[in-house]
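Shown next, in structure tokens, is the structure this report addresses.
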Amino acid sequence: MPRIACIGGTIVILFLLLGLTGEAFAPYPPALSDYGNILAPPSPGHWMGTDHLGRDLFSRLMAGTRTTLGLALLVAAIDTFLALVIGALCGYLGGWLDRAMMRLIDALLALPGFLLAICLLGIFGGGALQLVLFLALTGWAQLSRIVRNEISAVKHLDFITVNTAFGYSVARNLFMHALPAVIPSLLVLMLNTIVGNVFAIVSLSFLGLGVSPQTPEWGMVLFDARSFFLNSPWLFVFPCALIAAFTLGLHLLADGIREFLDRKRFLFPIEEVRMLASTASSCGSDT
Amino acid sequence: MAHRLISCFLTLVLVSFVSFLAVDLAPGDPTRLLLGGTAQEIAPEALDRIRSAQGLDAPFPERYLGWLKSILFGDLGVSLKTNRPILTEFAARLPITALIAFGALVLASITGFVLGVPCVLHEGGFVDHAVRITASLFHSVPAFLVGLFALYLFSFKLELLPLYGVSGGSGLILPVLTLGGIMGLSLARVLRNALLETVHEEHFLAALGKGLSYPQAVLRHGLRNVLSLMVTYLAMRFAGLLGGLVLIETMFSLPGMGSYILEAISSRDLPVIQAYILFIGTVVLACNLSADLLVRWLDPRVAKERLG
């Protein structure tokens with residue numbers, strides 16, 4: 001494995017552990033107000049300073065890791081699952097199902113996912129469940145189309161034809177042979193999707209459309225601080241640093257895996273995949 | 001091309017359906033929403049009369065078709081909050097958003113080429129590494145946070161630019177720099193990677209063999225090949241740019257489309273949200289379509305491939 005994949009992997013694992021045990025590291029309860037220390041700069045007592053209610057920023061960020069990462073991973077898992085099922089079926093079977101599905105995906109992709117999520121959250125109200133639902137609803141389309149294109153490219157390769165000649169069933173061919181061939185590309189894309197989801201969750205919370213205000217979450221910390229940024233820069237510097245560290249970890253991991261797969265000649269045959277994977281950014285990172 | 005236009009039209013119809021359906025499923029009675037605060041004081045029978053007078057009790061397909069028809073005649077409906085036509089409201093808010101988006105696209109294209117080409121001329125050199133590291137740094141947080149850093153540095157600490165509002169155009173500088181700069185950095189990376197693949201192709205080696213220097217060959221033969229890819233990439237990022245604009249406009253307190261939709265959401269102005277979804281869909285589709293046309297013009301091979 002390339003070294004950058006190891007470094008990235010270590011960072012990501014550290015964050016996941018932090019997400020599982022975040023509260024244990026927090027020196028204070030995340031909602032505890034210390035009214036003697038309102039908007040206090042970083043000090044030995046409060047490592048990252050306090051917010052306008054005197055709440056310890058470090059504790060809030062530690063507690064928020066679980067919410068942000070948990071929601072981002074959940075959305076990525078739903079998207080990947082839907083992409084595998086829908087993409088595989090459409091790509092392998094083709095026909096009217098494929099055409100109808102692709103038309104639907106075209107329509108969904110014509111609407112920027114993040115904007116649609118804003119509108120849907122605005123119409124139906126915010127909350128963790130709605131957040132996951134609408135982000136998943138707007139996120140599966142792109143992954144599905146990529147899986148579908150890859151599957152329909154793999155379908156015509158010799159080894160599948162040989163399998164068919166041997167009398168393998170469609171299901172066996174699809175799930176045991178065609179699908180594993182697209183997993184490597186999907187893995188790299190999935191890591192990028194997680195980054196996109198973290199960005200989307202943080203951004204939506206920042207707009208006040210995400211999780212409920214009581215839940216500690218990275219974007220919520222930024223939302224709470226938005227009237228105090230300029231005079232208390234630690235309120236955005238530390239959350240940014242945390243988001244940046246996690247994102248860099250995921251990007252390094254994704255780049256490392258891609259390098260490894262390239263060396264093993266698991267190349268990406270589809271232009272779109274190459275383009276998405278060749279930049280540090282992909283789905284939704286403009287938000 | 002006719003095929004492409006038809007599929008575009010079908011997508012647009014689907015988008016309109018999605019936007020109408022989403023708002024139709026919204027919780028709450030649309031008649032009460034229409035009346036606002038006065039709904040409490042109105043008798044249920046009167047409420048029913050208003051409902052049927054407004055056509056709100058008609059079956060779903062009828063209301064959807066009626067809505068589509070009025071849109072075809074250029075009527076997007078009326079904002080519940082201000083009672084003004086949505087079209088007028090959009091027209092008032094659009095220029096700022098369009099200016100930022102256009103500025104960002106132009107800046108991104110320029111930055112992409114200015115930074116991307118040196119990366120290829122000196123592969124593995126200082127510029128190459130610097131662009132790679134800067135690009136991944138700027139992509140490691142959402143764009144609005146980069147904007148916040150810029151706002152803090154240039155407007156608050158150095159007091160060079162206004163803290164909020166348009167201020168005769170100078171308020172648009174930071175948003176354009178933020179969005180365009182970030183997009184330009186990743187465009188430079190895409191350009192670099194695509195160019196480095198092109199330089200191994202035979203026609204490029206032939207150009208070198210005929211005596212062109214490497215930089216000349218890259219500029220004359222390499223770039224021509226990756227131009228269409230650049231257009232496709234920018235079009236792909238455009239949808240994300242529109243999303244980023246909502247946050248950037250909020251961050252910089254600019255009265256554009258993005259902050260308008262947030263206002264509409266907080267006042268539950270459903271017709272505005274409905275019209276906005278349709279509007280964004282149309283813009284993105286138009287953008288993709290024109291990118292397609294541009295690619296055909298830039299790369300005749302694409303047009304031939306699709307014909308055959």
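The values are calculated or read from the model by the stated rules, or taken from the named source; none is laboratory data. Computed from a prediction, not measured in an experiment: that's the story for all the values here. Every residue, glycine as well, gets a Cβ built from its backbone with ideal geometry; the counts of neighbours run over all protein chains shown. All accessible areas refer to the heavy atoms of the entire protein, side chains included, with ligands and DNA or RNA removed. Shrake-Rupley method; radii C 1.70, N 1.55, O 1.52, S 1.80 Å.
Key figures for this structure:
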| item | result |
| --- | --- |
| Residue match in segment A:35-56 (condition: assigned to a helix (DSSP H, G or I), surrounded by fewer than 22 Cβ atoms within 10 Å (Cβ to Cβ) and either modelled with pLDDT under 90 or of a type in the set (Asp, Glu) (or both)) | no |
| Yes/no for residue B:165 being on the phi > 0 side of the Ramachandran plot, in contact with a helix residue (DSSP H, G or I) (Cβ under 8 Å, 6 or more places away or on another chain) and more than 9 Å from chain A (Cβ to nearest Cβ) | yes |
| Residue B:294 being more than 12 Å from chain A (Cβ to nearest Cβ), farther than 20 Å from residue B:87 by Cβ and outside any helix (DSSP H, G or I) | no |
| Residues of segment B:234-256 satisfying the condition of being over 12 Å from residue B:175 (Cα atoms) and at the interface with chain A (Cβ under 10 Å from one of its Cβ atoms) | B:236, B:237, B:238, B:239, B:240, B:242, B:243 |
| Test: residue in segment A:99-109 that is at pLDDT below 90, open to solvent by less than 10 Å² (accessible area, probe 1.4 Å) and not in a loop (DSSP other than H, G, I, E, B) | yes |
| Verdict on residue B:233 being aromatic (Phe, Trp, Tyr) and open to solvent by 30 Å² or more (accessible area, probe 1.4 Å) | no |
| Residue match in segment B:269-279 (condition: in contact with an Asp or Glu (Cβ under 8 Å, 6 or more places away or on another chain), modelled with pLDDT of 90 or more and outside any loop (DSSP other than H, G, I, E, B)) | yes |
| Residue check for residue A:34: under 28 Å from the mean Cα position of the chain (by Cα) and touching a residue at least 12 places away in the same chain (Cβ under 8 Å) | no |
| Of residues in segment A:234-259 being more than 19 Å from residue B:137 (Cα to Cα) and open to solvent by less than 30 Å² (accessible area, probe 1.4 Å), the one modelled with the highest pLDDT | A:235 |
| Residue, farthest from residue A:215 (Cα to Cα), within segment A:111-131, restricted to residues that are touching a residue at least 60 places away in the same chain (Cβ under 8 Å) and facing another protein chain (nearest Cβ under 7 Å) | A:114 |
| Residue check, residue A:134 aromatic (Phe, Trp, Tyr) and within 7 Å of chain B (Cβ to nearest Cβ) | no |
| Checklist (1) open to solvent by 60 Å² or more (accessible area, probe 1.4 Å); (2) modelled with pLDDT of 85 or more; (3) farther than 25 Å from residue B:256 by Cα applied to residue B:68, failing item | (1) |
| Inter-residue pairs, beta-carbon under 9 Å, first more than 15 Å from residue B:271 (Cα to Cα) and in segment B:56-73, second modelled with pLDDT of 90 or more and surrounded by 14 or more Cβ atoms within 10 Å (Cβ to Cβ), 6+ apart | B:60/B:20 |
| Looking only at segment B:257-269, and only at residues there that are open to solvent by 20 Å² or more (accessible area, probe 1.4 Å) and not polar (S, T, N, Q), the one that is farthest from the other protein chains (Cβ to nearest Cβ) | B:263 |
| Whichever residue in segment A:129-149 is under 21 Å from residue A:219 (Cα atoms) and at pLDDT 90 or above and, among such residues, is surrounded by the fewest Cβ atoms within 10 Å (Cβ to Cβ) | A:129 |
| Residue within segment B:127-136 that is surrounded by 14 or more Cβ atoms within 10 Å (Cβ to Cβ), free of Cβ contacts under 8 Å to residues at least 40 places away in the same chain and under 30 Å from residue B:254 (Cα atoms) present | yes |
| Residue B:284 vs. criteria under 19 Å from residue B:106 (Cα atoms), modelled with pLDDT of 90 or more and touching a Pro at 6+ places or on another chain (Cβ under 8 Å) | yes |
| Neighbours by Cβ (under 7 Å, 6+ apart or cross-chain): first from segment A:220-245, over 13 Å from residue B:148 (Cβ atoms) and more than 9 Å from every other protein chain (Cβ to nearest Cβ); second buried (at least 19 other Cβ atoms within 10 Å of the Cβ) and aromatic (Phe, Trp, Tyr) | A:242/A:218 |
| Residue within segment A:72-91 that is within 19 Å of the chain's Cα centre (by Cα) and within 14 Å of chain B (Cβ to nearest Cβ) present | yes |
| Criterion: aliphatic (A, V, I, L, M), outside any helix (DSSP H, G or I) and open to solvent by less than 40 Å² (accessible area, probe 1.4 Å) - qualifying residue of A:195, A:202, A:211 | A:211 |
| From B:99, B:151, B:107, residue being open to solvent by less than 30 Å² (accessible area, probe 1.4 Å) and within 23 Å of the chain's Cα centre (by Cα) | B:151 |
| Cβ pairs under 6 Å, 6+ apart, first in segment B:141-160 and among the basic types (Lys, Arg), second in a loop (DSSP other than H, G, I, E, B) | none |
| Members of segment B:157-178 found to be open to solvent by less than 60 Å² (accessible area, probe 1.4 Å) and in a helix (DSSP H, G or I), listed by number | B:169, B:170, B:171, B:172, B:174, B:175, B:176, B:178 |
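For (1) farther than 29 Å from residue B:101 by Cβ; (2) in a helix (DSSP H, G or I); (3) in contact with a Lys or Arg (Cβ under 7 Å, 6 or more places away or on another chain), each residue gets a yes or a no:
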{"residue": "B:197", "(1), (2), (3)": "yes, yes, no"}
{"residue": "B:200", "(1), (2), (3)": "yes, no, no"}
{"residue": "B:206", "(1), (2), (3)": "yes, yes, no"}
{"residue": "B:211", "(1), (2), (3)": "yes, no, no"}
{"residue": "B:217", "(1), (2), (3)": "yes, yes, no"}
{"residue": "B:223", "(1), (2), (3)": "no, yes, no"}
{"residue": "B:229", "(1), (2), (3)": "no, yes, no"}
{"residue": "B:237", "(1), (2), (3)": "no, yes, no"}
